[in-house]
1. Can you tell me which residue within the range 196-227, out of those that are part of a strand (DSSP E or B) and open to solvent by 20 Å² or more (accessible area, probe 1.4 Å), is nearest to Ile156 (Cα to Cα)?
2. Any idea which residue in the range 284-328 is nearest to Ser162 (Cα to Cα), counting only those that are open to solvent by 50 Å² or more (accessible area, probe 1.4 Å) and part of a helix (DSSP H, G or I)?
3. If a residue must be of a type in the set (D, E, K, R), part of a helix (DSSP H, G or I) and within 19 Å of Glu168 (Cβ to Cβ), how many such residues does the range 329-341 contain?
4. I need every pair where a residue in the range 385-405 that is in contact (Cβ under 8 Å) with a residue 60 or more places away in the chain and open to solvent by 30 Å² or more (accessible area, probe 1.4 Å) has its Cβ under 7 Å from the Cβ of a residue that is part of a helix (DSSP H, G or I) and not β-branched (Val, Ile, Thr), sequence separation at least 6 or different chains.
5. Please specify each residue of the range 51-90 satisfying the condition of being in a loop (DSSP other than H, G, I, E, B) and open to solvent by less than 40 Å² (accessible area, probe 1.4 Å).
6. Report, by residue number, each residue of the range 429-461 that is within 28 Å of Leu398 (Cβ to Cβ), touching a helix residue (DSSP H, G or I) at 6+ places or on another chain (Cβ under 9 Å) and either outside any loop (DSSP other than H, G, I, E, B) or at pLDDT below 75 (or both).
7. Of the residues that sit in the range 330-349 and are surrounded by 13 or more Cβ atoms within 10 Å (Cβ to Cβ) and of a type in the set (Asp, Glu), which one is modelled with the highest pLDDT?
8. Name every residue in the range 26-50 that is at pLDDT 90 or above, in a loop (DSSP other than H, G, I, E, B) and surrounded by 18 or more Cβ atoms within 10 Å (Cβ to Cβ), in order of residue number.
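The values are calculated or read from the model by the stated rules, or taken from the named source; none is laboratory data. Keep in mind it's a predicted model, so treat the numbers as computed, not measured. A quick note on method: Cβ atoms are made from the backbone with ideal geometry, for glycine too, and the neighbour counts reach across all protein chains shown. What goes into the accessible areas is simple: the full protein's heavy atoms, side chains included, and nothing from ligands, DNA or RNA. Shrake-Rupley method; radii C 1.70, N 1.55, O 1.52, S 1.80 Å.
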Amino acid sequence: MDMKKDAAPIGGDCDGSPPVKVLIIDDDMDLNRTLARVIRVKLGYEAVSSFHLEDARRRIEEDFFDVVFLDVRMPDGNGIQALPAFRDSHCRPEIIVLTGDPEQFGAKQALLWGARDYLIKPFDIAEMLGPLERALEFRNEKRNAPDPEELDLAGIVATGFSMESCLEVLACAAKSCANVLIAGETGTGKELLARAIHRNSDRAAGKFAVVDCSTIPETLSENLLFGHEKGSFTGADTKTEGMVMDARDGTLFLDEVGDLPLSVQAKFLRLIEERRFRRVGGDKEIHCDFRLVAVTNKNLSEMVDNGLFRSDLLHRLQGFLIKIPLLKDRKEDIIPIAEYHLDRLCKEYGMEKKAVSDSFIGKLISYSWPGNVRELVGALRSAIEAARDLPTLYPRHLPVTIRVETAQASIEETAPSAEEAPCEDDEGELATPWKDARSEKVAEMEKTYISKLMTATDNDVKKAMEISGLSRSRFYGLLEQYKIK
């Protein structure tokens with residue numbers, strides 16, 4: 001692909017807009033200058049070299065850059081830690097991280113904080129063309145897309161940068177006819193984003209037709225998807241349209257596309273490529289105009305490597321790719337999401353909106369949420385039902401699994417480390433014999449653990465014993481020893 005030609009709408013040669021400008025932040029002078037030279041000579045863009053973070057911050061405040069190449073190890077700081085400042089600058093550039101070790105610098109953290117891509121050193125200079133091309137193409141699409149605030153995002157709560165990035169892609173996808181793949185673990189809200197794409201597209205008046213890929217049997221896949229002609233097999237008394245035709249002039253939604261059997265994937269590939277199919281028993285090809293949005297909770301790239309998913313199908317699915325982060329990786333969204341759903345659920349139950357205690361909020365923030373947003377909504381529903389007529393929600397209203405995990409985490413945080421010497425006082429002098437000091441610490445830990453466990457289980461001794469793994473006699477002995485009622 002001729003990058004300069006494709007990126008022309010940004011470059012300004014055709015429409016009078018400012019030329020593409022790239023900032024390279026790297027203290028390796030040879031690499032920095034070589035990159036700059038390739039960008040200027042081969043691509044025709046402007047390139048500015050910076051060898052220190054402080055100098056780069058000054059330049060980005062005074063000038064406008066479309067893309068920033070950012071090295072991790074700089075003489076005056078860490079590039080990843082400086083990334084948010086460049087990301088949030090007035091020009092909001094696309095950022096490509098340069099690193100010698102993706103694990104050491106934390107590729108996941110860089111992408112969560114808004115990096116568009118990353119390059120691993122050493123790399124051939126030609127390798128930077130792909131990430132730069134993708135960054136500029138996305139920037140061009142973003143300029144032509146509506147602001148996410150202008151879209152109908154009913155039910156989607158996003159305040160942190162990781163979700164803001166998802167919504168930027170969503171805005172681009174909504175106004176495009178390209179296929180969309182939304183990836184994320186169970187409960188992250190994939191279908192919510194898929195429906196938002198449909199609502200904000202020019203196909204909103206059409207149907208949002210759902211195909212649950214996990215329930216399509218191989219033997220009946222063609223019949224279910226494409227329908228059949230009358231008389232095509234025993235019992236085919238009438239003609240049926242099939243699931244695909246439901247999406248005509250609308251959106252075909254493939255739910256959990258990673259569950260499609262390989263034989264069915266081949267049928268979908270042709271359908272996606274040509275938007276044509278034959279009914280079972282039919283001799284004519286039928287054209288069906290639809291928009292495709294697929295979601296998955298699986299790593300499709302790994303499935304391709306293991307021969308479980310077709311690589312050509314994956315390439316066609318991800319015209320736009322939206323990766324939804326885990327709820328535990330977007331803690332800034334937990335309370336806004338909880339407030340939104342608390343208000344909605346209270347209206348559903350026909351009651352006044354309940355207040356929440358500080359300790360209740362603390363539990364929500366400190367819990368790991370393996371079930372993501374879906375689990376959070378379920379926990380709020382349980383809390384409302386447990387509180388009944390009480391005006392305020394407290395930790396005791398949350399499901400026991402949440403209370404136990406957060407209580408155990410609290411114990412671990414407050415427990416002394418192995419390096420701490422229990423036999424020394426604040427002055428570092430020996431205070432008590434090792435045996436006595438050890439007994440004191442063990443007793444302190446036991447009392448704290450049992451007290452918090454009883455609180456977390458609402459004083460349900462049976463449940464507390466099951467969680468602790470202690471025998472009945474041992475557990476009751478500890479209750480008696482520490483006067484815990």
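1. Looking at the filtered set, the residue picked out is Phe208.
2. Here the residue is Lys328.
3. 3
4. Pairs found: Val400/Ala456; Val400/Lys463.
5. Selection gives Phe65, Asp66, Val72, Ser89.
6. Of everything in the range 429-461, those that are within 28 Å of Leu398 (Cβ to Cβ), touching a helix residue (DSSP H, G or I) at 6+ places or on another chain (Cβ under 9 Å) and either outside any loop (DSSP other than H, G, I, E, B) or at pLDDT below 75 (or both) turn out to be Met445, Glu446, Lys447, Thr448, Tyr449, Ile450, Lys452, Leu453, Met454, Thr455, Ala456, Val461.
7. Residue satisfying both the conditions and the ranking: Glu339.
8. Across the range 26-50, the qualifying residues are Asp26, Tyr45.
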